[in-house]
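First up is the structure itself, then whatever we jot down about it.
The values are calculated or read from the model by the stated rules, or taken from the named source; none is laboratory data. The shown structure was predicted, so the numbers you read here are calculated from the model rather than taken from an experiment. Cβ coordinates were reconstructed from backbone atoms using ideal geometry, including for glycine residues, and neighbour counts include every protein chain displayed.
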């Protein structure tokens, strides 16, 4: 039963402000992912909550109690580090038992707790080993076990699987999810990997240069990014962004990518939703590759475009289409477009389109 | 193998012009050192082993007679020799324990961000760089009961440091602690700064108190390098001669090396002193071996 709240948190390193007026409320049992590029302040935020870093202004509340002046040992929070931070001179058993022994728990209780958690993490047969004899994945399991064993108020994870290889990362991702569902504790997870964030989070918190950009469920963040940074940070391949203008023609709206001869047809309501920002320079069109529809034959609403680069990815292809002065990446069936230079026809799915103003803020257009 | 990793000689160099190879140059540097070692260390070592089985006296022209193990038998049955060993053991324990506590303590104090850390460290290392004889003479003055600064500073009046037989050994050990604590400090500092910071962070998160962190994290991780410092200091303390010899001549400070010196160069019992030297050598080897065994156990992880 733990809520964590950040109110107006500010943090400076010298003259550099790394966290700018951060407000965030985390509900009990929630899995929150702090997502952002390296240096965006997400790890500093996490360390601030843990108590490894002092904050310069604002409040950190755990269950309504301000804790920013408490030492980390008094906050009852567990943390998993990217570097695992296992104690190299202790066995796995001793590592997991460390937080319990440090608080003078009785021997039998320690033993029971350690064996229980080892079973949950499936590392019972590793208990006698030293960390140096473990694989990366097992080391991280031990680190997670050490954090979970004392049933902390909240779990903080700082890129816990960032140091593992791709395959293992996927396995561990599933395992962390499983553990969260099973053990259930308020968790804050820091990562720069948007796939990790999407797959794990109840809510994603996106930060950029110390400023919170958007908070929302993975679906929310993916479908309705609040600005260009979020739009381009979340989702792979990256969302297409092109300078565009909107005009009216034949009772429809036309969205013309900068430099293109013709515009894509859009529903008429679009015109009313743009607040008059319809000219090139005022407006940016964002569209995810799956919103760019491609076919071989000409059809109503489809414009002729030239395929430029084709990236075959097995399950699907990513095709770069040249239109006007811009490139649009489209997602097609594998092998749909034969070769670069082919002429195909494309249309934009209005329900996938996003419009941003010149400063990159979303205009909130939903069609 | 060694030649394989060597860089080739520049064909334009003077050495190449003289027809030298890498190997020639290497030998030019290495062979004199090896010769020196053989003549001054290894040869006397073996020669003295021979003498230790004789009644040879370097002060007379009488030929050496082979007496077998008699020297060893008599030395090991001599209660005075054993009392010298007991004094030495006491001295080693007091001095090494003192150095470890003071040295490690200073290292703990220095292992943080403090202003002038570099300068402070260098200044603290100074005692170690002085010559033993200088330190001995210096401390003799400091200890002086009538005008020594130590009694003055501590308000001890005319307390006898060196001429009090119960105190003299501790006074020598104190000087040794002053001189060699910096050595332990230096190695401990290297060990302490090698402990990754994130382990301390993990321990803080795990709610470990400062004492628990020190005994369960810091000490075990510094132990291997601290053991090396202890090995060095134990060996050195066991062999202490100059400091004790200069500071005082109490019978209670007659360390085994001083006894050895007197036997060899005042009583001229050359054969017998050779045997004693070998007994000391074997003891030091044995003690060091115990340490090294323990060190390997500590390092095993």
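Computed values, structure above
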| item | result |
| --- | --- |
| Condition broken by residue B:15, with the remaining ones in (1) in contact with a helix residue (DSSP H, G or I) (Cβ under 7 Å, 6 or more places away or on another chain); (2) in contact (Cβ under 8 Å) with a residue 40 or more places away in the chain satisfied | (2) |
| Flag if residue B:255 is buried (at least 19 other Cβ atoms within 10 Å of the Cβ), within 15 Å of the chain's Cα centre (by Cα) and more than 14 Å from every other protein chain (Cβ to nearest Cβ) | yes |
| Boolean, residue B:150 is over 23 Å from the mean Cα position of the chain (by Cα) and either over 28 Å from residue B:255 (Cβ atoms) or surrounded by 14 or more Cβ atoms within 10 Å (Cβ to Cβ) (or both) | yes |
| Residue check, residue A:206 in the same structural domain as residue A:45 (by TED's automatic domain parsing), buried (at least 18 other Cβ atoms within 10 Å of the Cβ) and touching a residue at least 60 places away in the same chain (Cβ under 8 Å) | yes |
| Any hit, the stretch B:238-245, residues being surrounded by fewer than 17 Cβ atoms within 10 Å (Cβ to Cβ) and within 14 Å of chain A (Cβ to nearest Cβ) | no |
| Residue that is nearest to residue A:42 (Cα to Cα), among those in the stretch A:69-96 that are in a helix (DSSP H, G or I) and within 10 Å of another protein chain (Cβ to nearest Cβ) | A:72 |
| Filtered residue count, the stretch A:97-116, keeping only those that are at the interface with another protein chain (Cβ under 10 Å from one of its Cβ atoms) and modelled with pLDDT under 90 | 2 |
| The stretch A:32-52, residues that are within 14 Å of chain B (Cβ to nearest Cβ) and either modelled with pLDDT under 90 or not in a loop (DSSP other than H, G, I, E, B) (or both) | A:43, A:44, A:46, A:47, A:48, A:49, A:50 |
| Hey, residue A:59 at positive phi and either surrounded by fewer than 20 Cβ atoms within 10 Å (Cβ to Cβ) or in contact (Cβ under 8 Å) with a residue 40 or more places away in the chain (or both) or not | no |
| Complete set of residues in the stretch A:195-221 that are under 23 Å from residue A:46 (Cβ atoms) and assigned to a helix (DSSP H, G or I) | A:195, A:196, A:197, A:198, A:199, A:200, A:218, A:220, A:221 |
| Flag for residue A:281 being over 16 Å from residue A:320 (Cα atoms) and not assigned by TED's automatic domain parsing to the domain that holds residue A:328 | no |
| Test: residue in the stretch B:118-127 that is surrounded by 14 or more Cβ atoms within 10 Å (Cβ to Cβ) and more than 22 Å from the chain's Cα centre (by Cα) | yes |
| Per-region count, the stretch B:262-301, residues within 14 Å of chain A (Cβ to nearest Cβ) and not in a helix (DSSP H, G or I) | 2 |
| When residues of the stretch B:184-204 are limited to those that are in contact (Cβ under 8 Å) with a residue 12 or more places away in the chain and farther than 30 Å from residue B:237 by Cβ, the one surrounded by the fewest Cβ atoms within 10 Å (Cβ to Cβ) | B:200 |
| Subset of the stretch B:274-300 [surrounded by fewer than 12 Cβ atoms within 10 Å (Cβ to Cβ) and within 17 Å of residue B:71 (Cα to Cα)] | B:282 |
| Residues of the stretch A:312-323 satisfying the condition of being surrounded by fewer than 19 Cβ atoms within 10 Å (Cβ to Cβ) and either in contact (Cβ under 8 Å) with a residue 24 or more places away in the chain or outside the structural domain of residue A:263 (by TED's automatic domain parsing) (or both) | A:318 |
| Any hit, the stretch A:139-148, residues being at pLDDT 90 or above, surrounded by fewer than 20 Cβ atoms within 10 Å (Cβ to Cβ) and over 21 Å from residue B:210 (Cα atoms) | no |
| Identity of the residue in the stretch A:71-86, surrounded by 15 or more Cβ atoms within 10 Å (Cβ to Cβ) and without any contact (Cβ under 8 Å) to a residue 24 or more places away in the chain, that ends up farthest from residue A:7 (Cα to Cα) | A:73 |
| Residue check, residue A:61 away from chain B (no Cβ under 14 Å) and in contact with a strand residue (DSSP E or B) (Cβ under 7 Å, 6 or more places away or on another chain) | yes |
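Quick grid of which residues meet (1) within 20 Å of residue A:228 (Cβ to Cβ); (2) at pLDDT 90 or above; (3) surrounded by 15 or more Cβ atoms within 10 Å (Cβ to Cβ):
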| position | (1), (2), (3) |
| --- | --- |
| A:252 | no, no, yes |
| A:258 | yes, no, yes |
| A:269 | no, no, no |
| A:277 | yes, no, yes |
| A:281 | yes, no, no |
| A:284 | yes, no, yes |
| A:301 | no, no, no |
